[in-house]
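The values are calculated or read from the model by the stated rules, or taken from the named source; none is laboratory data. Keep in mind that this is a model prediction, so the values were computed, not measured. All Cβ positions, even for glycine, are placed from backbone atoms using ideal geometry, and neighbour counts span all protein chains on display. Heavy atoms of the whole protein, side chains included, go into the accessibility calculation; ligands, DNA and RNA do not. Shrake-Rupley method; radii C 1.70, N 1.55, O 1.52, S 1.80 Å.
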Amino acid sequence: MAVRPGLWPAILGIVLVSWLRGSGAQQSATVASPVPGGSPDLLPHFLVEPEDVYIVKNKPVLLVCKAVPATQIFFKCNGEWVRQVDHVIERSTDGSSGLPTMEVRINVSRQQVEKVFGLEEYWCQCVAWSSSGTTKSQKAYIRIAYLRKNFEQEPLAKEVSLEQGIVLPCRPPEGIPPAEVEWLRNEDLVDPSLDPNVYITREHSLVVRQARLADTANYTCVAKNIVARRRSASAAVVVYVDGSWSPWSKWSACGLDCTHWRSRECSDPAPRNGGEECRGADLDTRNCTSDLCMHTASGPEDVALYIGLVAVAVCLILLLLVLVLIYCRKKEGLDSDVADSSILTSGFQPVSIKPNKADSPHLLTIQPDLSTTTTTYQGSLCPRQDGPSPKFQLSNGHLLSPLGGGRHTLHHSSPTSEAEDFVSRLSTQNYFRSLPRGTSNMAYGTFNFLGGRLMIPNTGISLLIPPDAIPRGKIYEIYLTLHKPEDVRLPLAGCQTLLSPIVSCGPPGVLLTRPVILAMDHCGEPSPDSWSLHLKKQSCEGSWEDVLHLGEESPSNLYYCQLEAGACYVFTEQLGRFALVGEALSVAATKRLKLLLFAPVACTSLEYNIRVYCLHDTHDALKEVVQLEKQLGGQLIQEPRVLHFKDSYHNLRLSIHDVPSSLWKSKLLVSYQEIPFYHIWNGTQQYLHCTFTLERINPSTSDLACKVWVWQVEGDGQSFSINFNITKDTRFAELLALESEGGVPALVGPSAFKIPFLIRQKIITSLDPPCSRGADWRTLAQKLHLDSHLSFFASKPSPTAMILNLWEARHFPNGNLGQLAAAVAGLGQPDAGLFTVSEAEC
């Protein structure tokens with residue numbers, strides 16, 4: 001039966017209303033096709049569309065739609081139809097066209113928005129019907145407005161000199177909509193349009209181009225949005241003026257004592273606001289020339305004076321000579337105490353540093369091999385160290401005792417037995433006072449020209465000391481330390497973030513003739529378009545300096561870096577404290593976060609806590625959390641996952657779902673928990689986590705099934721499906737079992753290297769000279785995918801040695817010698833058979 005076109009809108013409206021009433025608006029709507037024979041000109045046209053709106057506190061918001069011609073209008077929110085009873089409808093007729101007009105309004109409450117959480121925001125749109133078909137309005141997003149109380153970064157008090165620039169940073173509290181920022185100077189609004197010497201950056205920092213005395217004031221950062229207004233702590237800025245001398249006055253007339261004088265004043269300018277006083281004397285006195293001096297020393301009193309002065313000078317000289325002789329005798333006695341006969345019977349042993357005499361606590365000595373001579377390393381470990389320079393007595397002896405058949409026996413140190421003593425000895429030096437007092441994050445050993453390796457187990461941190469990096473005849477005791485970020489102040493500016501652990505190797509100031517290689521993990525996703533990466537090194541004065549901009553390395557630079565997906569390898573000839581820092585160039589810059597879920601091994605109460613950790617995807621961060629959870633009695637309950645965290649200023653959210661209400665009750669009072677963006681992006685805060693507390697309805701309940709969501713707003717997200725028995729299930733504990741196994745922290749001599757020493761020397765001798773057929777070190781670098789560093793390798797005395805050193809650093813202890821042998825043998829050298837490497841030759 002044919003239906004007249006005029007009946008189509010009524011039929012569609014009746015069907016839609018009947019469906020909405022019957023289904024409770026639980027299904028998704030489908031967009032109607034234009035009615036056959038209908039005019040496209042009569043499709044609904046919206047006069048008013050819903051717009052984005054914020055919910056302030058608990059007040060519901062009103063959304064309005066108005067369309068012409070329209071016979072029906074309904075709202076759809078997050079894909080579901082709003083019930084008919086929730087619509088307020090007004091019908092009218094358009095005065096100019098006579099077409100039917102409809103206006104519809106709905107209220108959206110805070111509770112409705114809070115029910116929808118996850119990776120999608122709450123939105124609504126209108127769908128209008130006419131005789132010709134349907135039209136959808138734009139989407140309107142409804143967000144809950146808020147402004148947190150705590151500033152992400154507050155301005156700090158400063159003292160600056162006159163005409164120096166001032167930068168007062170301010171990161172307002174997180175809020176929706178984002179807070180607007182203004183600055184107060186002594187409670188008066190700072191208006192950059194009225195003062196060209198002041199401006200406010202996009203990051204809300206207040207900048208004073210050239211400080212004036214009038215800029216001395218208390219500065220406050222104010223953040224506000226539609227919800228609230230927040231004030232930061234005030235920062236006192238003092239602009240000071242250092243004093244400067246006026247010109248000298250003219251010389252006075254010559255006096256009776258054959259002297260004349262001149263003076264000056266600290267008034268050009270005078271010190272103000274705590275500025276420094278002028279340095280030096282304000283009065284200068286000199287002897288007059290013979291022509292000006294009218295007074296002669298001819299009296300008996302003058303002669304007696306001169307004789308007395310000469311006698312005093314002679315006595316002082318004699319006293320100085322006596323002191324020098326006493327010092328020399330003490331030094332000879334000190335040197336005679338260095339010998340230790342145990343060296344003759346025990347071979348090479350770990351170096352022992354100890355105060356030699358009670359009256360010389362600053363003097364540190366090392367037991368030498370009596371079969372060799374002793375040299376002295378003397379000088380400050382840091383260029384500007386106060387007090388007397390520390391001394392180290394170093395042996396010239398070899399680390400290997402020759403045995404028959406050209407084989408060698410190696411004695412290497414065992415740091416665990418002497419670690420606490422070693423740390424206590426290092427703590428006597430000013431530079432070492434920030435070293436950790438434990439031993440789990442530290443390794444040390446004694447090395448000579450044969451080289452070796454230091455490793456901090458389960459952290460991915462190691463230090464490779466290649467052969468001949470230490471000059472022949474020298475023996476160094478070298479340490480490797482992992483620092484906690486809260487123990488070392490690493491200033492980060494702007495969008496900078498810490499990507500690696502903070503690692504020290506030392507002592508600083510020792511002479512190295514070849515670069516050592518420091519290996520450490522990082523959590524960045526390297527991309528030249530997204531990141532600007534810098535290697536930072538701390539000076540002995542405590543300040544941090546950029547010593548290398550990755551991607552802009554120069555072969556002549558003291559530092560070089562091989563950056564890989566999860567690790568970096570730093571070539572350096574100067575030991576010290578290092579960290580890898582990244583600065584985001586775009587919102588595409590991401591850091592890898594490792595997500596771990598822990599819960600108690602044994603649950604004796606009704607409450608059960610699930611701890612979700614969000615940490616850098618590095619071995620050292622994982623080690624710290626595993627050790628912490630062992631102390632807390634926790635176990636891993638899900639396989640760890642990686643989340644890519646963007647530089648988008650959006651927080652990380654965590655929520656728990658699908659908790660069976662008949663067995664468990666969640667004690668979380670809000671829909672989700674949050675970790676602020678800057679707490680994660682800064683990279684200096686450890687153990688970032690959220691805890692979800694569940695309560696058993698029945699004490700006998702042991703099965704738990706639920707979901708945990710972790711996501712960055714408008715970013716990446718991960719979902720964990722938990723289904724296990726809290727009293728029996730330990731299957732995920734095995735995933736971290738390997739993390740409890742550690743290697744030997746110190747390896748000395750050939751045992752520290754995968755490539756046998758003699759074969760290494762053959763490879764170097766054969767590949768270092770240029771070859772017309774291309775069978776030299778350049779081809780080896782290409783085969784090992786290191787050809788991007790050819791200029792750096794070429795700048796070194798032995799390019800092949802640099803390539804093999806990097807291979808050792810990257811592949812120890814699980815490197816495949818067979819693959820390296822194949823790469824070397826494939827170069828086409830006539831004597832390539834000499835390079836065949838087998839495990840038996842190690």
The range 441-589 - percent of accessible surface contributed by carbon and sulfur, probe 1.4 Å: 49 percent
Net charge around Ile106, counting only other residues with Cβ within less than 12 Å of its Cβ (Lys, Arg = +1; Asp, Glu = -1)? +1
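Quick one: if the Förster radius is 30 Å, what FRET efficiency do Asn816 and Glu639 give, using the C-beta to C-beta distance and rounding to 0.05?
0.60
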Using a Förster distance of 45 Å, the FRET efficiency for Thr730-Val116 (Cβ separation, nearest 0.05): 0.80
Let me check I have the definition right: for the range 561-668, take the eigenvalues of the Cα gyration tensor, multiply each by 5, take square roots. What are those semi-axes in whole Å, largest first? 35, 20, 10
Taking just the alpha-carbon atoms of the range 460-514, what radius of gyration and Dmax come out, in angstrom? 15.0, 47
Once phi is turned into ³J(HN,Hα) by the Karplus curve 6.51 cos²θ - 1.76 cosθ + 1.60 with θ = phi - 60°, what whole-Hz value does each residue of the range 122-138 show in order, with x for glycine and proline? 7, 9, 9, 8, 9, 10, 10, 10, 9, 5, 9, x, 10, 9, 9, 7, 5
Determine, for each peptide in 86-92, 674-680, 569-575, 157-163, the mean count of other beta carbons within 10 angstrom over its residues, then list the peptides with the highest first. 569-575, 674-680, 157-163, 86-92
Greater than 22 Å separation of Cα atoms is the criterion. Which listed pairs, Lys136/Lys646; Lys762/Lys796; Lys158/Lys646; Lys158/Lys484; Lys224/Lys667; Lys484/Lys646, meet it? Lys136/Lys646; Lys158/Lys646; Lys158/Lys484; Lys224/Lys667; Lys484/Lys646
Counting only heavy atoms of the protein chains, get the accessible area per residue of the range 427-568 (1.4 Å probe) and round it to a whole Å² value. 33 Å²
Taking 0.36 nm per intervening residue step and subtracting the Cα-Cα distance, what contour gain separates Asn186 from Ser554 on full extension? 127.6 nm
Given a Förster radius of 41 Å and the C-beta distance between Leu668 and Ala157 as r, what FRET efficiency does 1/(1 + (r/R0)^6) yield to the nearest 0.05? 0.55
Arrange the peptides 455-461, 633-639, 121-127 so that the one whose residues have, on average, the most other Cβ atoms within 10 Å appears first. 455-461, 121-127, 633-639
If packing is taken as the average count of other Cβ atoms within 10 Å, what order do 590-598, 646-654, 203-211 fall into, highest mean first? 590-598, 646-654, 203-211
For the pair Asp282 and Gln631, the simple spin-label estimate (label points 7 Å beyond Cα toward Cβ) gives in nm 5.8 nm
Hey, quick one: spin label on Glu541, modelled 7 Å out along Cα-Cβ, who in the range 559-601 has an amide N within reach, i.e. under 16 Å? none
Hey, for a label at Ser267 modelled as a point 7 Å past Cα toward Cβ, could you say which residues of the range 220-245 have their backbone N under 14 Å away? 244-245
Heavy atoms only, probe 1.4 Å: what % of the accessible area of the range 110-168 goes to carbon and sulfur, would you let me know? 45 percent
